[in-house]
Amino acid sequence: MARVGLIVNPASGRDIRRVAGGASVSDAYAKRRVASSIVSGLALQEEPIEVLAMPDAAGIAAEAIEDYGGAASLLDMEITGSRRDTQRAADRLRDDVDVIVAMGGDGTVRDVALAVGETPVLPLSTGTNNVIPTPVEGTVAGGAVALYATGAVGADVTTRHTMVEATIRGATDRTVRGVATLGVVDRSFVGTRAVLDPSEYLGGVVSRASQGEVGLSGIVGGCLSLAPDQPDGAGVFVDPEAARTVRAITMPGVVETVGIDDCQRLTAGETIEVAVDEAVISVDGERHVEVQDATIVAGPTNETIRLNDVDAVYERGPFP
């Protein structure tokens, strides 16, 4: 039987950018509506489909599968309310389902990417910085994964999204991975995870760039265009005093002028380096880890996450 995994991040879309900017609200009620629509969309295929869902503290996934007419169950796992829930669920689902729907923002996609392996993911936008997740109606998303899981469409409806990586070379070496962006932020502590002031960036790398995207990938998008399925990345150094500037959407509802000291395309294996006394590394739009007395070496990596392309699914059929 075809199987679809469902991961709902109940905490996505609830950071300070809803106050500081113009980010839309994605509360528990809205997420329940989306999750229920995803499950309803599976009926686009008559073939039975089993749903395996990550439990969550808000009961969103449980409510979504409660009225499902087919086989459905919650994973037997302890919920901690942290991002580790998403990572453990992705690891559990990766070998048991044909495709996973992940509801959240860029941070949720990153957590899934770290554990999902080769299993395709349809990331559905219910976060704040939704660079990677698809802004598509839930029933449409459910129909797309139903067509994929049952084999009605082939593997050519998935794409590989390049990822980025930073090695922190200091007293203890450490590696940090992201899907879309890794930034070096001129702050001494994580604090509020959202990066609200683009002038705090010292530099960073991205795996995709467009002026229509939010955050660091949008800043780089003012310099060059980079499709997420290209094996390349791009590196940028930010300087508020630089003569070269770009206009960018730095967070939802906010457009700012950002000074660019240098911006360059990077092939796999090429890196940029940033030496810092104190800094914070941001990953996919959120400040993530504090570093001291280190050199940060960052660039695109050969690792990818497979994404289910909703438009490609419906373009390819199935047709009689």
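The values are calculated or read from the model by the stated rules, or taken from the named source; none is laboratory data. Values in this document were obtained by computation on a predicted structure and should not be read as measured data. Cβ: placed from backbone, ideal geometry, glycine included. Neighbour counts: every protein chain shown. What goes into the accessible areas is simple: the full protein's heavy atoms, side chains included, and nothing from ligands, DNA or RNA. Shrake-Rupley method; radii C 1.70, N 1.55, O 1.52, S 1.80 Å.
Computed on the Cα atoms alone, the convex hull of segment 2-152 gives a volume of 95 cubic angstrom per residue. Against the main long axis of the alpha-carbon atoms of the chain, helix 28-41 sits at an angle near 50°.
Cα-based values for segment 162-304, radius of gyration first and Dmax second, are 13.5, 40 Å. Scattering from the C-alpha atoms of segment 96-146 alone, worked out with Debye: what is log10 I(q)/I(0) at q = 0.27 1/Å? Relative scattering, expressed as log10 I(q)/I(0), comes to -1.05. Using only the alpha-carbon atoms, how far is helix 138-149 inclined from the longest principal axis of the chain? Give it as 0 to 90 degrees, nearest 10. With both axes taken from Cα atoms, the answer is about 80 degrees. The dipole here belongs to the chain: it is taken about the Cα centre, uses +1 on the Cβ of Lys and Arg and -1 on the Cβ of Asp and Glu, and is about 340 debye.
Per residue of the chain, what 222 nm ellipticity follows from adding -39500 (n - 2.57) for every DSSP H run with n ≥ 4, rounded to the nearest 500? Helix-only estimate at 222 nm: -6000 deg cm²/dmol.
A straight line joining the Cα centroids of segment 99-158 and segment 260-320 runs 18 Å. For segment 289-301, putting each phi into the Karplus relation 6.51 cos²θ - 1.76 cosθ + 1.60 with θ = phi - 60° gives couplings of 9, 8, 9, 9, 6, 9, 10, 9, 10, 9, x, x, 10 Hz, in residue order, rounded to whole numbers and with x for Gly and Pro. What is the angle, in °, between the Cα long axis of helix 83-93 and the longest principal axis of the Cα atoms in the chain? Nearest 10 is fine, range 0 to 90. That helix lies at roughly 50 degrees to the long axis. Heavy-atom accessible surface of the chain, averaged per residue, reaches 41 Å², computed with a 1.4 Å probe.
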